[in-house]
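Participant: Submitted below is the structure of interest, expressed as structure tokens.
The values are calculated or read from the model by the stated rules, or taken from the named source; none is laboratory data. The model shown is predicted, which means the values in this text are computed figures rather than measured ones. Quick reminder, even Gly has a Cβ in these numbers, built from the backbone with ideal geometry, and neighbours come from all protein chains shown. These area figures cover heavy atoms from the full protein model, side chains too; ligands, DNA and RNA do not enter into them. Shrake-Rupley method; radii C 1.70, N 1.55, O 1.52, S 1.80 Å.
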Amino acid sequence: MTLTGNLLIGQRAVTGTQAAIHAINPATDTPLAPPYPGASAEHVAQACALAWAAFDEYRETPLEQRARFLDTIAEQIEALGDELIDRAHAETGLPKPRLLGERGRTCTQLRTFARVVRAGEWLDLRVDNALPERQPLPRPDLRQRQVALGPVAVFGASNFPLAFSVAGGDTASALAAGCPVVVKAHGAHPGTSELVGQAVARAVQQCELPAGVFSLLYGAGREVGIGLVSDPRIKAVGFTGSRSGGIALCQAAQARPEPIPVYAEMSSINPVLLFDAALQARGDALAHGFVASLTQGAGQFCTNPGLVIARQGPALERFIAAASAHLHQAVAQTMLTPGIASTYAKGVAALGDNHNTQTAASGLPAQGPSQCQTQLFVTSAQAFLSDPALQTEVFGAASLVVACDSDEQIGEIAEHLEGQLTATLHLDEADLDSARRLLPVLERKAGRLLVNGWPTGVEVCDAMVHGGPFPATSDARSTSVGTAAILRFLRPVCYQDFPEALLPQALQHGNPLGLRRLLDGQREG
């Protein structure tokens, strides 16, 4: 299809009137056509009004129709073929095989939520039949279900132009919950966003849903984003990005007359703990796996292993030497945007200039614009505990090794950490007691704990948690990946002594939808 540079307000293509976004090919540092003029305050209001008008009808769509809608979005994205992959490659510099895999993950997410919608478990249906003879007081008939919160504003991420963007996990889970979505496209990949947005719009039309179920906006600054979060018709926000961006949205959401939840994934350095026996037995293999994880995708993953914690000694020195040898051969990779590359360079310069760190190794130097030279630094536990700057996330292929004097000092480091998306433990059987002592701390610090693996790579499934305490996310009770992500956009409603004719079908006495319910304390089905 021909890219137009237009906003999508429901089914209408609208030309923006504000400053335009120009995608940049980061591999060549050249602009890509067309320009994408930004949305005005009036455009934001129109999209939000349309979403609100669609809400009551969309949230009560039959489960099969809503599930089919999610399946249809996936089909429409796949139908874009090479055009989508080519444009995403040009806008992000990401390799085409990576983008093919990401497209597959995006469509898997949509189909997974279609399965979830059909099953209906997310409705959390509860029925307590009336007990008119109960003494001293009778019990009324009480029935509960989960209902959609309302229209959701979703912000596309820079590092996943498909899986965390226009039709990514936030959009898929919000639509599954019955919430219309207004997406603010990320400025780094507007063409990719338009292609996917058109696919979603076609699915809306094919499934005969209200036009306001989906809109797509562009904006060069923060005005569109703040306008969305401040609009009274928006009832929740999904965001993946920087800590500063997430905090700004949280502040705007809390300043409203009616505050709303912001589910922001923001900052994580994902500590990796190397226990003594594992480090002694397989330090070289650990070094190889660490460098592979660190350099994957130029380190542009929110689960990148940005911190390694281990006890000082010959085994750690061998690990650092082996990691350095691998890292010296690491080819500089193109980063997503010139801005991200510039921020990465400033971050590694700050670590390199810090008197508390030493540079252990550097990868091969950059050979082109916007490239990331891999870096490894070393510091002491005392320095890490005393210098808050050493916990600052460097978004890219850079990591810091913290050498500790004792297990007790490793425990101090763990307690000192900010909230994280992940914490990884590399251990052998002889390390189990040491790991067991640390687990209560790590459970308080991270949303996902891994043993003998690497944090990069987030599975789309029922048990996955992609979240964690602040500043990893703004709400540690939630996940942005996995089927539990739908819970962010729901709230419970109780119906007391309702006549059968007014009850939602899922709560009617005969259970006409055949869904599993909690009936008088016992699970049906």
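Participant: How big is the dipole moment of the chain about its Cα centre under a simple scheme where the beta carbon of each Lys and Arg is +1, that of each Asp and Glu is -1, and everything else is neutral? Debye, nearest 20, please.
Facilitator: My answer is approximately 740 debye.
Participant: Between Ala33 and Arg444, how many nm apart are label points set 7 Å from Cα along the C-beta direction?
Facilitator: 5.9
Participant: Tell me whether the chain comes out rounded, prolate or oblate; compute the Cα gyration tensor, take square roots of the eigenvalues as a ≥ b ≥ c, and use a/c under 1.5 as the rounded threshold.
Facilitator: Cα axes put the chain in the oblate bin.
Participant: Right, something else. Report, ordered by chain and residue number, the lysines lying within cross-link reach of Lys184, taken as a straight Cα distance under 24 Å and ignoring same-chain residues fewer than 8 apart.
Facilitator: Hits, sequence-local ones excluded: Lys235.
Participant: Under 14 Å between alpha carbons, and skipping anything fewer than 8 positions from Lys346 in its own chain: which aspartates and glutamates qualify?
Facilitator: Of all the aspartates and glutamates, those that pass the test against Lys346 - Cα under 14 Å, at least 8 places apart if same chain - are Glu393.
Participant: Once the Cβ-Cβ distance between Asp462 and His355 is put in as r, and R0 is 60 Å, what FRET efficiency do you end up with, to the nearest 0.05?
Facilitator: After rounding, the FRET efficiency stands at 0.80.
Participant: Moving on to the next point. Would you work out which of Gln375, Trp454, Leu149 lies farthest towards the positive end of the dipole of the chain, given +1 charges on the beta-carbon of Lys and Arg and -1 on that of Asp and Glu, about the Cα centre?
Facilitator: So the residue furthest toward the plus end is Leu149.
Participant: Let me ask you something else. Could you check the simple spin-label distance between Leu100 and Ala292, using points 7 Å along Cα→Cβ, in nm with one decimal?
Facilitator: Simple spin-label model gives 2.0 nm for this pair.
Participant: Ok, one more. At Val147 and Thr17, where each label point lies 7 Å from the Cα along Cα→Cβ, what is the point-to-point distance in nanometres?
Facilitator: 3.6
Participant: Quick one: pull the percent of accessible area on region 425-525 belonging to carbon and sulfur, 1.4 Å probe, ligands and nucleic acids left out.
Facilitator: Carbon and sulfur together cover 53 percent of it.
Participant: May I ask you to derive the FRET efficiency for Gln508 and Glu83 from their Cβ-Cβ distance with R0 = 35 Å, giving the value to the nearest 0.05?
Facilitator: The formula returns an efficiency of 0.15 here.
Participant: Moving on. Just to confirm, what accessible area per residue do you get for region 146-254 at 1.4 Å probe, in whole Å²?
Facilitator: 22
Participant: Using mean Cβ contacts within 10 Å as the protection proxy, how do 165-175, 267-277 order, highest first?
Facilitator: 165-175, 267-277
Participant: Still on this structure, please answer the following. To the nearest 20 debye, what is the magnitude of the charge dipole of region 181-306 about its Cα centre, counting +1 on the Cβ of each Lys and Arg and -1 on the Cβ of each Asp and Glu?
Facilitator: 200
Participant: For a Förster distance of 60 Å, can you work out the FRET efficiency between the beta-carbons of Gln206 and Gln496, rounded to the nearest 0.05?
Facilitator: 0.95
Participant: Gain in length, Leu518 to Arg318, computed as 0.36 nm per residue apart minus the alpha-carbon separation, to one decimal in nm?
Facilitator: Length difference between fully extended and current span is 66.3 nm.
Participant: In percent, what relative contact order does the chain have, based on Cα pairs under 8 Å that are 6 or more apart in sequence?
Facilitator: Averaging sequence separation for qualifying contacts and normalising by length gives 17 percent for the chain.
Participant: Separate question: Please label the shape of region 353-455 as rounded, prolate or oblate, based on the square roots a ≥ b ≥ c of the eigenvalues of the alpha-carbon gyration tensor (a/c under 1.5 means rounded; beyond that, a/b larger than b/c means prolate, else oblate).
Facilitator: prolate
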